[in-house]
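Written below as structure tokens is the structure these notes are about.
The values are calculated or read from the model by the stated rules, or taken from the named source; none is laboratory data. Because the structure is a prediction, the values reported are computed rather than measured. FYI the Cβ positions are ideal-geometry reconstructions off the backbone, even for glycines, and counts take in every protein chain you see. For the accessible areas, the whole protein counts, side chains as well, though only heavy atoms, and no ligand, DNA or RNA atoms are used. Shrake-Rupley method; radii C 1.70, N 1.55, O 1.52, S 1.80 Å.
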Amino acid sequence: MVLRQAAADGCGQERDSLRDGVLGRNGQRLLVPVTRPVWAVFLAAAVAVTATGLFALSAIGVFDDAQSGQASPPPTNNPRTTTPARPTTTTAPTPTPSGRATVTAPVQSPAARVRYVFPVGGCRGDASGSHHDYPAADIFAAVGCRFVSPVDGRVDEVTRVDGWHATTNVGRDRGGLSVSVVGVDGVRYYGSHLSAIAGGIRPGVAVRAGQTLGLTGKTGSARGTPPHLHFGISWPTAPGKWWIRRGAVPPQSFLASWHGGGQLSPVSSVAKVRRAYGVDRGCRSYC
């Protein structure tokens with residue numbers, strides 16, 4: 001730095017003050033030469049500082065505005081108004097030709113295999129090889145043996161009053177006490193000449209294969225014969241069509257299978273006989 005003493009005349013001092021920076025020290029003045037480029041630097045710095053402050057304030061203002069313009073966060077669930085979760089569907093992978101698995105439609109549970117059982121339980125039952133006048137079987141068994149549902153299904157019709165008389169021998173009354181079941185296979189199974197109907201057995205009730213429907217006996221036209229269960233297989237009909245309900249398909253081969261633990265199904269035989277039967281014109285025997 002260069003130290004100078006201030007000039008006495010005012011014009012020189014004014015020029016020096018405009019041109020030099022003045023610093024006081026021990027009663028003397030330190031004069032710092034300042035050129036125009038330095039002043040330009042200071043001026044540019046001042047402008048930059050001012051602009052930076054304005055930009056910062058402006059930026060803060062923009063940030064605040066952006067924050068204030070944002071949507072409020074969603075309210076938390078009120079325990080009094082909890083929305084139930086939607087049920088989810090389990091899907092299973094399906095292999096593709098490339099060997100990779102892709103998720104497809106929900107897997108459907110395979111239909112349960114139909115299970116058949118012999119219709120007399122807890123006792124020995126001997127089925128006849130034939131039947132008079134229409135297809136059916138007489139399963140000879142002691143009074144009080146269990147008549148069980150041969151398949152899962154629903155109770156179709158129940159007869160609780162024995163209205164048969166030997167003098168009239170009306171066909172609709174020949175069965176005495178009886179229960180019929182329409183199985184999950186679509187076939188109807190009928191048992192009659194019962195001595196009692198099991199509790200809770202009524203039309204529409206679901207039953208399982210082997211479930212007791214009633215007890216064997218001698219009601220209806222079996223009063224003068226050895227006790228037996230009259231057993232018939234047919235297709236479902238409207239209520240009251242006893243001439244089909246009592247038996248339309250020979251049941252002997254199916255009874256023989258079930259008695260030995262087999263699972264021979266009458267579905268196809270029933271369908272075939274139903275097509276051959278044609279139009280139902282009412283009772284054709286023992287009317």
For this session: Once you have the Cα-Cα distance between ARG124 and GLN252, take 0.36 nm times their residue separation minus that, and quote the gain in nm to one decimal.
Result: 44.5 nm
Seminar exercise, completed: So, relative contact order of segment 144-287 in percent, Cα under 8 Å, 6 or more apart, is 25 percent
Exercise. What shape does segment 217-269 have by the C-alpha gyration tensor, where a ≥ b ≥ c are the square roots of the eigenvalues, rounded means a/c under 1.5, and otherwise prolate means a/b greater than b/c and oblate the rest?
Worked result: oblate
Exercise. Between THR167 and VAL267, what FRET efficiency follows from the Cβ-Cβ distance if R0 is 41 Å, with the result rounded to 0.05?
Worked result: 0.55
For this session: Might you work out the accessible area of TYR286 for me, using a 1.4 Å probe with all protein chains in place, and round it to the nearest 10 Å²?
Result: 80 Å²
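When every alpha-carbon pair in segment 150-287 is counted, what percent end up more than 18 Å apart? Don't jump to the answer; show the numbers that get you there.
Working: 5178 of 9453 pairs.
That tail contains 55 percent of the Cα-Cα pairs.
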For this session: Could you grab the relative contact order for segment 108-218? Cα pairs under 8 Å, six or more apart, rounded to a whole percent.
Result: 31 percent
Seminar exercise, completed: Percent relative contact order for segment 110-166, counting Cα pairs under 8 Å at least six residues apart, stands at 38 percent
Exercise. What are the ³J(HN,Hα) values, in whole Hz, obtained from phi via the Karplus relation 6.51 cos²θ - 1.76 cosθ + 1.60 with θ = phi - 60°, for each residue of segment 137-150 in sequence order, with x given for Gly and Pro?
Worked result: 9, 9, 9, 7, 7, 5, 5, x, 6, 7, 8, 10, 5, x
Exercise. What nm value, rounded to one decimal, do you get for the distance between CYS283 and HIS132 when each label is placed 7 Å out toward the C-beta?
Worked result: 1.6 nm
